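The values are calculated or read from the model by the stated rules, or taken from the named source; none is laboratory data. This structure is a prediction, so every number in the text was calculated from the model and none was measured. Please note: Cβ atoms are built from the backbone with ideal geometry, for glycine as well, and neighbour counts cover all protein chains shown.
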Amino acid sequence: MPAGRVVIVAGGRLSEELLRYIDEEDFIIGADRGALFLINHGVTPDLAVGDFDSIPPEALGTIRAGSREMLACDPVDKDLTDSEMALDLALARQPDSILLAGVTGTRLDHTLASIQMMTRALQRQVNCSAVDSNNYITLTGSQALVQERGYTYVSLLPITPEVTGINLEGFQYPLVNATLKLGQSLAVSNRLEGTEGTVRIESGLLLIIQSKD
């Protein structure tokens, strides 16, 4: 049976504001520095995972003592990023959904890799979103409910060559049976009219990015 929601907190851009997205019922995975961030803010990770090369050696004891389980790996002899390791472990639990935090930051390569790996969750029919202080990102291949979360804009960006049959309801600028091609900015900086809106598509993969400056 599905195991509810898994929240992965990685070691990218982190702020206390992200803690409001964590519920008591969530299974919480701290990836590398994300595990230490959780513990330092009074949250006990169900699982801490990674090579832990981004934290001081003396903090390993804190992570080991403050987590329900810890899985450490060699920083050299590994093929996956800490975030991808955490995602694999999350998918193994067959959750209803996955929320990624701390997967964006100054490393554009890590940010893009994290966004692209959301497709792996979608392939398993698991809803996956990513959040930071300025963005809430959802990937869909069918439809998604967009809720007002304190962000100003809603932008739609295809990550496949083409996304067809786009229909928007509850937005300032609606779309009806529209098509977006990779590289187009037609659907950037839309806004919700009320507290929620609906995005439906017929084919392709579409990023829904709620953002604020």
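If you take the residues in the stretch 171-213 that are touching a strand residue (DSSP E or B) at 6+ places or on another chain (Cβ under 8 Å) and of a type in the set (Ser, Thr, Tyr), which one is surrounded by the fewest Cβ atoms within 10 Å (Cβ to Cβ)?
Across the stretch 171-213, the extreme among qualifying residues is THR195.
Among the listed residues LEU19, LEU47, LEU60, identify the single one that is out of contact with any helix residue (DSSP H, G or I) (no Cβ under 6 Å at 6 or more places or on another chain) and at pLDDT 95 or above.
Result of the check over LEU19, LEU47, LEU60: LEU47.
Please go through the stretch 89-123 and pick out each residue that is under 22 Å from GLY50 (Cβ atoms) and charged (D, E, K, R).
ARG93, ARG107, ASP109, ARG120
Conditions (1) in contact with a His (Cβ under 8 Å, 6 or more places away or on another chain); (2) over 15 Å from ILE208 (Cα atoms); (3) not in a strand (DSSP E or B), marked per residue:
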site	(1), (2), (3)
THR160	no, no, yes
THR164	no, no, no
LEU168	no, no, no
TYR173	no, no, yes
VAL176	no, yes, yes
THR179	no, no, no
GLN184	no, no, yes
ALA187	no, no, yes
GLY194	no, yes, yes
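Taking the options GLY34, GLY61, name whichever one is of a type outside the set (S, T, N, Q), free of Cβ contacts under 8 Å to residues at least 40 places away in the same chain and in a helix (DSSP H, G or I).
That would be GLY61, the only listed residue that is of a type outside the set (S, T, N, Q), free of Cβ contacts under 8 Å to residues at least 40 places away in the same chain and in a helix (DSSP H, G or I).
Just give me the residues in the stretch 15-46 being buried (at least 22 other Cβ atoms within 10 Å of the Cβ) and either farther than 17 Å from ASP132 by Cβ or of a type outside the set (D, E, K, R) (or both), in sequence order.
Result: ILE28, ILE29, GLY30, ALA31, GLY34, ALA35, LEU36, PHE37, LEU38, PRO45.
Looking at the stretch 1-31 only, could you name the residues that are free of Cβ contacts under 8 Å to residues at least 60 places away in the same chain and either in contact with a His (Cβ under 9 Å, 6 or more places away or on another chain) or part of a helix (DSSP H, G or I) (or both)?
GLU16, LEU19, ARG20
Which strands (runs of 3 or more DSSP E) sit wholly inside the stretch 93-156 and have at least 1 residues that are modelled with pLDDT of 95 or more, under 10 Å from the mean Cα position of the chain (by Cα) and not hydroxyl-bearing (Ser, Thr, Tyr)?
97-101, 127-131, 135-140
What is the one condition in (1) modelled with pLDDT of 95 or more; (2) in a loop (DSSP other than H, G, I, E, B) that ASP79 does not satisfy?
With (1) modelled with pLDDT of 95 or more; (2) in a loop (DSSP other than H, G, I, E, B) applied to ASP79, the lone miss is (1).
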